[in-house]
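Below is one structure, written out as structure tokens; the observations come after it.
Derivation of every value follows stated rules applied to the coordinates shown; laboratory data play no part. Note that the coordinates shown come from a computational prediction; the quantities given were computed from them, not determined experimentally.
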Amino acid sequence: MEDAPLTILGVNECLALMEQYHMLPNIKDHSIVVAKVAGVITNGLIAAGYDVSLETVIAGALLHDIGKTACLDNDDDHAARGLEICLAHNLGAIADIVAEHVILKNYAPGNGFAEKEIVYYADKRVNHDKVVSLEERLAYILERYGMNNEVRCRAIKRNYARCQDLEKRMFSFLAFEPADIPELLIAQRPTIDANKKIP
């Protein structure tokens, strides 16, 4: 028996799924900015000759926090919940992106870039709905989730070291620098809305 084709949602369908799972407005705003950042990076990598899917990246970025609202009042893992939601909707093409947007599993720098790496990185560049540096985001995460717990803080810093390595590797092939992203978003005025405009 053949496997069912993997579904990748368009922007309208992603926005509808956000509504279906009662994504809070602030989480939706964050996800849209992450998608814009991820789109700029993906377009840059495509221009540099890399084979990455803009459609997959945008859908994965828009839905990376699809499980978050359900996990706000408990200790559930929102990435794992998001994975369950993706699989329930036959969204296997973005399931790994959603599952690994907090911590990349099996990160092995190679010759190419995976869509999940782009979304993972873009998520670390957006604090609420503002584009920030990795250092600014790290400071926020340590304050918010570190809870002065040495083991937890060490794990957070280890994850960010991986993200810094990814940033260095990715931007060595891009025609712009990490600090250029906010200006590129303004210059390109990318929108993600019901009109299906994407970066």
Theoretical ellipticity at 222 nm over the chain - DSSP helices of four or more residues, -39500 (n - 2.57) apiece, nearest 500: -17500 deg cm²/dmol
Kirkwood Rh over alpha-carbon pairs of the stretch 30-119 plugged into Stokes-Einstein at 4 °C, 1.567 mPa s gives a D in µm²/s of 97
Using the Cα atoms of the chain, I'd like the radius of gyration and the largest Cα-Cα distance, Dmax, both in angstrom. 16.1, 52
If you take the Cα Rg of the stretch 1-75 and divide it by 2.2 N^0.38 Å, with N the number of residues, what do you get? 1.26
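Expected output is a single nm value to one decimal: the length gained when fully extending between residue 161 and residue 50, i.e. 0.36 nm times separation in residues minus the C-alpha distance. What is it?
Stretched out fully, the residue 161 to residue 50 stretch lengthens by 37.6 nm.
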